[in-house]
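To keep things clear, I will list the structure first and then write my remarks on it.
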Amino acid sequence: MKENYPMFVYNNIGTSNELTDEDIVRMIQSGDNDKFGVLIDRYEAKMLRYARRFLFQAENAADLVQEVFIKAYSSIDGFDLKLKFSPWLYRIAHNRFINELNKKGRVTFFFDLDAFLPKVFSKDNADKDALDNELKAVLGGCMDKIDQKYREVVVLYFFDNFSYKEISDILHIPVSVVGIRLNRAKKIMKKLIKFQHGKEC
């Protein structure tokens, strides 16, 4: 475990842009600790967006993201280079943000999606792209109306563009459950759009 999280200067990363995340982690594990600044440069904005969407514009989002990077830095020697770095980092962030919600008692559920939706889902995927685009446009203003377990997969899939497998790795749930939760979230959002007649949630 690494200690003494350093103050990185990462404004000029040069040819590091040509390296994969995993290449950079390998360099860090070999002792080039300053390269962690490249990972911060790549992921800081994404982590802030993830925090604000997941925690509803939390005022302490920047502090929480800093804690995520500190945890990642201290644990990076144990990262398995056969895996992808981004789901590993998001898993650390997910755990930290869940702890923050629990600590503040902010795990509030406005809708029970299971009450809205049938157990058997339609196989009709026509207009999928159009629906996904519509959902993405309104999700930002409706996130506080979605159960936490659905909200997290929505954020990771629609906003951070992770695959089902990557979301499965981040949340430690089966790939099939990721699909079910996304299907339920999309259906309830479609209902919300209709209920609001095009208005913001």
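The values are calculated or read from the model by the stated rules, or taken from the named source; none is laboratory data. Everything numeric in this text was worked out from a predicted model, so none of it was measured. Using ideal geometry, Cβ is built from the backbone for each residue, glycine included, and neighbour counts are taken over all protein chains shown.
Counting just the residues of the range 142-188 that are among the charged types (D, E, K, R), over 11 Å from the mean Cα position of the chain (by Cα) and under 21 Å from residue 51 (Cβ atoms), which one comes out surrounded by the fewest Cβ atoms within 10 Å (Cβ to Cβ)?
144
Are any residues in the range 18-75 among the small types (Gly, Ala, Ser) and either in contact with a Pro (Cβ under 6 Å, 6 or more places away or on another chain) or part of a helix (DSSP H, G or I) (or both), and if so, which ones?
37, 45, 51, 61, 62, 72, 74, 75
Looking at the range 53-64, can you tell me whether even one residue there is among the charged types (D, E, K, R) and either surrounded by 16 or more Cβ atoms within 10 Å (Cβ to Cβ) or within 13 Å of the chain's Cα centre (by Cα) (or both)?
For the range 53-64, residues among the charged types (D, E, K, R) and either surrounded by 16 or more Cβ atoms within 10 Å (Cβ to Cβ) or within 13 Å of the chain's Cα centre (by Cα) (or both): present.
Tell me, yes or no, whether the range 130-141 has at least one residue that is at pLDDT 50 or above and either part of a loop (DSSP other than H, G, I, E, B) or closer than 30 Å to residue 32 by Cβ (or both).
Checking the range 130-141: at least one residue is at pLDDT 50 or above and either part of a loop (DSSP other than H, G, I, E, B) or closer than 30 Å to residue 32 by Cβ (or both).
Considering each residue of the range 7-23, count those that are out of contact with any Gly (no Cβ under 8 Å at 6 or more places or on another chain) and either modelled with pLDDT of 95 or more or loosely packed, with under 13 Cβ neighbours inside 10 Å (or both), and give that number.
11
Take the residues in the range 24-44 that are within 19 Å of residue 78 (Cβ to Cβ) and among the charged types (D, E, K, R), then tell me which one is surrounded by the fewest Cβ atoms within 10 Å (Cβ to Cβ).
32
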